[in-house]
Amino acid sequence: MNQSKSKTKSTGSLRFFSLSAISLAGLALAILLTQHFYEIRGEGSHFKSSCNFGGTLNCDVIAASQSAEFIGGFPLSSFAAGWFLTFFVISLFIHQKYWRRDAIRALFGMSLVGVIISGFYFWVMRFQLHTYCLYCIGIDLCNLAGLFITISLKPELPSLKTLDRSKWTTFLCLGAGSHLLMALGLSAFDQNGFQPSAAKEAADSILSTPPVYVQIDESLPSIGTKDAPITIFEFSDFQCPFCRIGALNINTLLYRYPGKIRIVFKNYPLDQKCNSDFPQTMHPAACEAARTALCAHEQGQFERAYETLFEKQSSLAEGRVAELLSELKLDPVRLSACSGSSQTTLQITRDIAEGKTLGLTGTPTFFVNGHRVDGIRPNAVWNFVIERLLQPKL
């Protein structure tokens, strides 16, 4: 008999500790998701994160989407972090007999609500965003595991008669404090510091300028849906540090507004070898990078070349640009012939001439449905601009 009781007690303790471990795992995943949320919406550091596998496994799409936002623009994942921190603290109360019954009830209720929320957002991933986030799935599994374990502890359903108000007040205060702590604490990942009012004002300024015509034909390299309602022309230089940041920012828009945006790339190298406006060499590998990108486009690999050249910008050097694209498996004979062809030179000359006609004074310069955007702008500004342009015309 004593042996049976000891075994039951040991099993119960193991489940108590399992609940704490699950909550800590969920908390860690929620923190990683929050960090990713702020990175993908900031200036970022990469075109693709470590959990972006393309296709149906792409956490970048999830993080950039409006579904990842909670009240006040806070990331939903910071709410999840507060939720799991609350769960962890309450799980510690189970070890005390005085608190055990109500703590198990509270954890059961939290687990049940968590699974319902997980189910809803899984539906959003499956049917609205058409891709999945591994971090999110990990959080869903934590919620499920928590529910199964709390059910195995046979929680009593709460009733007004048996409800200990002082204990539940404690739990609610813990929950409020945990959520506030996570929302404010994790906002440290946000490096933008751009107020919504300032972003709206900047967007209004951009859209108040009359749109201009920018030449386009199907031979130009582009990224995104060709019949998208919004076209962003990007005049850029692969060796320009600000161009890299600008490219990362507009890349996020492709995730946030799938099917709504097309980016058309135009070369504007700040290098005297192909741009007569620059009497001295600013970016010695820029012209070579421009030719190589166009030739990668000829082989159907522009998007990967575009991302790789900006990702490896610090390694760009004359005579070594093609080496940086070795992972693309481009045909070296075709690449060499294309790079030295007069047609490639003519295309770059046309882009530069058009940039001069449009009054470019530097890079990057964008034209979104004809409205000019000079330099790099925070994602908050871009979001306001895109939202306005997507509104139906009255």
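State whether the residues of segment 33-52 include one that is modelled with pLDDT of 80 or more, more than 13 Å from the chain's Cα centre (by Cα) and either under 21 Å from K97 (Cβ atoms) or assigned by TED's automatic domain parsing to the domain that holds I137 (or both).
The answer is no, given that none of the residues of segment 33-52 is modelled with pLDDT of 80 or more, more than 13 Å from the chain's Cα centre (by Cα) and either under 21 Å from K97 (Cβ atoms) or assigned by TED's automatic domain parsing to the domain that holds I137 (or both).
Against the condition at pLDDT 95 or above and over 13 Å from the mean Cα position of the chain (by Cα), how does A25 come out, does it pass?
Yes: the conditions hold for A25.
Within segment 220-240, can one find any residue that is charged (D, E, K, R) and either modelled with pLDDT of 95 or more or crowded, with 19+ Cβ neighbours inside 10 Å (or both)? Walk me through how you get there before you give the answer.
Looking only at segment 220-240, we keep the residues that are charged (D, E, K, R), and these are 226-227, 234, 237.
Narrowing the set further to residues that are either modelled with pLDDT of 95 or more or crowded, with 19+ Cβ neighbours inside 10 Å (or both) leaves 234, 237.
Yes: one or more hits.
Suppose the filter is in contact with a helix residue (DSSP H, G or I) (Cβ under 7 Å, 6 or more places away or on another chain), surrounded by fewer than 20 Cβ atoms within 10 Å (Cβ to Cβ) and of a type in the set (F, W, Y); does W99 pass it? It would help to see each step written out before you state the result.
Values: in contact with a helix residue (DSSP H, G or I) (Cβ under 7 Å, 6 or more places away or on another chain): yes; surrounded by fewer than 20 Cβ atoms within 10 Å (Cβ to Cβ): yes; of a type in the set (F, W, Y): yes.
So W99 fits the description; yes.
So that you can scan it fast, the table gives a plain yes or no per residue for (1) under 24 Å from the mean Cα position of the chain (by Cα); (2) of a type in the set (A, V, I, L, M, F, W, C); (3) not in a helix (DSSP H, G or I):
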site	(1), (2), (3)
A198	yes, yes, no
A203	yes, yes, no
V214	no, yes, yes
L220	no, yes, yes
G246	yes, no, no
I250	yes, yes, no
F265	yes, yes, yes
D271	no, no, yes
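The values are calculated or read from the model by the stated rules, or taken from the named source; none is laboratory data. Not measured: the values here are computed from a predicted model. Cβ: placed from backbone, ideal geometry, glycine included. Neighbour counts: every protein chain shown.
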